[in-house]
Structure formats: structure tokens, C-alpha cells
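One structure is given below, encoded as C-alpha cells.
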Amino acid sequence: MATKDTPLRRDRRTQQRLARGEAAALGEVYDRYASLVHGLAYRVLGDERAADTVTREVFVHVWEHPDRYDPNQGPLRTWIAALTHRLAVRELRDTGTAALERGGPGTAADLEQRVRRASVAARADYIVQSMPAPLRLALERAYFQRRDYRRTAADLGITEEEARRRLRLGLQLLATAQDAADPGAPPGQGGAA
């Protein structure tokens, strides 16, 4: 009887193939995650060229350091998203600091506030893209298409109670984006400046 190929098992095999230097493994990782990486980098940086640079840096890092991914800590997707976020924030700080040193507008505090806002927005995008489709569809109907829970339920062919549950869960997940901006803050208060 064949065992089910779980995502973590697939991630572990991919990591092993990368460690052996299989270029095809990097190609598969790139095909799977390039749009996620570029989208997150662009969300943080707001610049296409800078996002392209960070995208390249992420995949170079994945190729050169596959051992830094620990499948026991979670999915490859999450590790790559965290790596992208870290490199994009570093790039944002570096370019912002360079601009400040050249006498550009703003202060170091303004730069840090910009970094925090970009981090929260990128994390929220990642959360929405990663959440189960039923939650994402309910949020899209309710918030992007401005439907109330009754109309969302009708659109999705579910009960009103189920629509309320999905919206509540989706919003709770999104709240973690703000909370992650300031890990020491009480729930719902993260990132307050």
C-alpha cells in the first residue's frame, strides 16, 4: 500500500536533492515559489527592480544553504517566505539608511515605521494567500467585494452561520499579521507605534 506524499515529506526530499546539488530541485522550488517570493518582496519594497534583486538573493540562498531549512520547523513555503521577508526588510533598511545619509527626507524613526508597515502588509498578504480556500473566499467576498455575511453565505452556497465562522477565523488569522509586528504587544495591539 502506497503512503501518501505529505507536503513536509516532499519538502524534506526537495531539501535533500538541493543538498546533493540537483539543479532540477532548485528549478522546481523556483517554479513553485517565485511568484510568492517576488510578491512579498515587492510588497515590502514597493519597487520592481529591488523585488527582482531580492528574489534572486532568496533563490541563491536556497541553493547555497539548503541545510538551513529544517523540515521539522514547518513547510518549505514558510521558510522561504520568512527568508524573503528578512532579505526584503534588510534591503529596505539599507536603501532607506543610504537615502538618510545622503540627506533624503525623513528620519530613522520614519524609516523604522515604514519597515513595520511594510512588514505587516507583507505578512497579511502571505496569510491571505496561505489560508485555506474556504476562508480566503469568504474574506474576498465580504471585504473585497463588500458583501455582508448573508450575501457571502448565499454566494458561496453555505449557511449564514458557516459564513460568520469563516469570516471570524479569517480575521483572526489576519490579526496575527499585526501582532507579529510587535511580539511583546498584547493580542490585537501589535505594531502600535
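Mind putting a number on the dipole of the range 1-86 about its Cα centre? Charges go on the C-beta only, +1 for Lys and Arg and -1 for Asp and Glu, and I need it in Debye to the nearest 20.
340
How much accessible area per residue does the chain have, counting only protein heavy atoms and a probe of 1.4 Å, in square angstrom?
For the chain, the per-residue accessible area is 60 Å².
Using the Cα centre of the chain as origin and beta-carbon charges of +1 (Lys, Arg) and -1 (Asp, Glu), tell me which of Gly46, Leu8, Leu87 is placed farthest towards the positive end of the dipole.
Leu8
Over the chain, what relative contact order in percent results from Cα pairs under 8 Å that are six or more residues apart?
Numbers: 182 pairs, mean separation 32.9, N = 193.
With pairs under 8 Å counted, the relative contact order is 17 percent.
For the range 21-28, take each phi angle, set θ = phi - 60°, evaluate the Karplus expression 6.51 cos²θ - 1.76 cosθ + 1.60, and give the result in whole Hz per residue in order, putting x for glycine and proline.
x, 6, 4, 4, 5, 5, x, 5
How large a share of the accessible area of the chain, in percent, is made up of carbon and sulfur atoms when the probe is 1.4 Å and the other protein chains stay in place?
So the carbon and sulfur contribution to the accessible surface is 52 percent.
Once phi is turned into θ = phi - 60°, what whole-Hz ³J(HN,Hα) does the Karplus curve with 6.51, -1.76 and 1.60 give for every residue of the range 32-40, x standing for Gly and Pro?
For the range 32-40, the Karplus-derived couplings read 6, 10, 4, 5, 4, 4, 4, x, 5 Hz, x marking Gly and Pro.
Given 37 °C and 0.692 mPa s, how large is the Stokes-Einstein diffusion coefficient of the chain in µm²/s, with Rh as the Kirkwood radius over Cα pairs? The partial results should precede the final answer.
Details: Rh = 18.8 Å.
Answer from the Stokes-Einstein relation: 175 µm²/s.
The values are calculated or read from the model by the stated rules, or taken from the named source; none is laboratory data. Here the structure is a predicted model, which is why all the values come from computation and not from measurement. Don't worry about glycine lacking a Cβ; one is built from the backbone with ideal geometry, like all the others, and counts go over all protein chains shown. Protein only, heavy atoms only, side chains kept; ligands, DNA and RNA dropped before computing areas. Shrake-Rupley method; radii C 1.70, N 1.55, O 1.52, S 1.80 Å.
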